[in-house]
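The values are calculated or read from the model by the stated rules, or taken from the named source; none is laboratory data. Here the structure is a predicted model, which is why all the values come from computation and not from measurement. Cβ coordinates were reconstructed from backbone atoms using ideal geometry, including for glycine residues, and neighbour counts include every protein chain displayed.
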Ligand SMILES: Cc1ncc(COP(=O)(O)O)c(C=O)c1O
Ligand SMILES: N[C@@H](CCCC[NH3+])C(=O)O
């Protein structure tokens, strides 16, 4: 059980004091449920861990993990900064009324329109990823007589131990300026020559779902290696050091995540050591967690439908969602745990494979899950830890509408994203005009 999850007198799973069976009755399924108290707890852990230390800091929520108007408003209430990675995420933040000065804009291929939107909205910081962007941003700022604070994203050449698709700090990466081949130095020089671009510091993000704090220390050590030279040669001052996100969480028994405090201490200790070695002032340390703030807070509720038993081979149960609302098992072989929410006290005495409803053999949410033998059609299956990169990566494969999202806290539920309808699926489509095709 995570966060506020409990079992009530009816043997039903409750989250935030709300009966999950009632939630499905009211909002349908699949349904993403967010335990708001757990999100607040994780935010508080970051604040507490940093407040004990002697450095200035900022925590920016990486909204790619889950972005919606209500989510961004919650992050604003909790007084964090915000990381966005596309025009759409930026637009959502603006519509949510998020203070622009606390928005940081990422991405390895920001379009001119996206950069213009960022400049129009006067956002706080752009994390510049490559030379194309640096030149484009410089031109746009010059045309508009605007200046902008930037960080340069660097790939320090650190291999974080995680799935290769979510490793980003290694040399061979599409992201950032390489530290070791001179690219970063060239970018620093370009910014020092520009009157429009104000270089505030450096950024790196070594990957996601990381369990080892040493990888962060290694990345920081590498970023400081040439700092002395840059300081002398280009007058570069490190006001901000952003070490990204990537803090791992416990999806299943196999995962052994570190405490937030441990990550923070390693990061702060390493920065302090380096600064003391170089006799320089401590920069503001920024982190940008996504998964660790919202991952464990999210649970997806499905209705169980078809059963298929292949004797001596495998028992499948199918749910009314799948890789359309949780792409992670298909994409990264990610592991999840589950429970029958309306039979939460029944012993888990059977082994079944939980399949999604998409036309793909790879659409399996959980292989060999432990569930009660008494599980039957119309039971509610709760899959845990789906709060990060679940709704965010939801898609319309097989023309399946996206589920609804509710926030729960202190016994109440609030719908924050409506379930899509079939009508929504076709709302941007235009009918075929046969005569046009025939005449051409
Ligand atoms: C630049 C950057 N910052 C932050 C994050 C957030 O990562 P996580 O959700 O693993 O904390 C990501 C995603 O991996 C990222 O690419
Ligand atoms: N979407 C990935 C993480 C990528 C994070 C963004 N750089 C996941 O679900 O684990």
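Among the residues examined, residue 430 does not qualify as in contact with a helix residue (DSSP H, G or I) (Cβ under 6 Å, 6 or more places away or on another chain), modelled with pLDDT of 95 or more and either buried (at least 18 other Cβ atoms within 10 Å of the Cβ) or part of a loop (DSSP other than H, G, I, E, B) (or both).
Does residue 207 satisfy the criteria of being surrounded by 22 or more Cβ atoms within 10 Å (Cβ to Cβ), within 16 Å of ligand 1 (Cβ to nearest atom) and at pLDDT 95 or above? Judged against the criteria, residue 207 is not a match. Check the stretch 395-403 and report whether any residue there is farther than 26 Å from residue 307 by Cα, assigned by TED's automatic domain parsing to the domain that holds residue 338, at pLDDT 95 or above and not in a loop (DSSP other than H, G, I, E, B). Checked against the condition, which is being farther than 26 Å from residue 307 by Cα, assigned by TED's automatic domain parsing to the domain that holds residue 338, at pLDDT 95 or above and not in a loop (DSSP other than H, G, I, E, B), the stretch 395-403 yields no hits at all. Which residues, taken from the stretch 275-298, are in a loop (DSSP other than H, G, I, E, B) and either under 15 Å from the mean Cα position of the chain (by Cα) or within 16 Å of ligand 2 (Cβ to nearest atom) (or both)? Result: 288, 289, 290, 295, 296, 297.
Being more than 16 Å from ligand 2 (Cβ to nearest atom), more than 15 Å from residue 209 (Cα to Cα), touching a residue at least 60 places away in the same chain (Cβ under 8 Å) and surrounded by 20 or more Cβ atoms within 10 Å (Cβ to Cβ) is true for just one of 301, 241. Which residue is that?
That would be 301, the only listed residue that is more than 16 Å from ligand 2 (Cβ to nearest atom), more than 15 Å from residue 209 (Cα to Cα), touching a residue at least 60 places away in the same chain (Cβ under 8 Å) and surrounded by 20 or more Cβ atoms within 10 Å (Cβ to Cβ).
Only residues that are over 8 Å from residue 152 (Cα atoms) and within 16 Å of ligand 2 (Cβ to nearest atom) were counted across the stretch 181-204, and they come to 1. Residue check: is residue 23 in a helix (DSSP H, G or I), over 24 Å from residue 239 (Cα atoms), within 23 Å of the chain's Cα centre (by Cα) and in contact (Cβ under 8 Å) with a residue 12 or more places away in the chain? No; evaluated as a whole, the condition is false for this residue. Of the residues in the stretch 132-140, at least one is in the same structural domain as residue 266 (by TED's automatic domain parsing), within 16 Å of ligand 1 (Cβ to nearest atom) and either at pLDDT 95 or above or part of a loop (DSSP other than H, G, I, E, B) (or both).
What is the residue count in the stretch 40-61 for residues that are over 20 Å from residue 99 (Cα atoms) and assigned to a helix (DSSP H, G or I)? Qualifying residue count, the stretch 40-61: 9.
Take the conditions assigned to a helix (DSSP H, G or I) and either within 16 Å of ligand 1 (Cβ to nearest atom) or modelled with pLDDT of 95 or more (or both) and apply them to residue 160. Does it pass? When the stated conditions are applied, residue 160 does not pass them.
All conditions but one from (1) farther than 25 Å from residue 247 by Cα; (2) in a strand (DSSP E or B); (3) under 25 Å from the mean Cα position of the chain (by Cα) apply to residue 351; the one that does not is (3). Restricting the stretch 21-71 to residues that are under 29 Å from residue 303 (Cα atoms) and within 13 Å of ligand 1 (Cβ to nearest atom), which is surrounded by the most Cβ atoms within 10 Å (Cβ to Cβ)? Here the answer is 66.
Residues of the stretch 304-337 that are within 15 Å of ligand 2 (Cβ to nearest atom) and at positive phi: 333 alone. Residue-level check: of (1) touching a residue at least 40 places away in the same chain (Cβ under 8 Å); (2) in a helix (DSSP H, G or I); (3) not assigned by TED's automatic domain parsing to the domain that holds residue 105, residue 64 misses just (3).
If we scan the stretch 137-152, do we find a residue that is farther than 30 Å from residue 180 by Cα and without any contact (Cβ under 8 Å) to a residue 12 or more places away in the chain?
yes
Residues in the stretch 212-254 that are within 16 Å of ligand 1 (Cβ to nearest atom), at pLDDT 95 or above and part of a loop (DSSP other than H, G, I, E, B): 243, 244, 245, 246, 248, 249, 250, 251.
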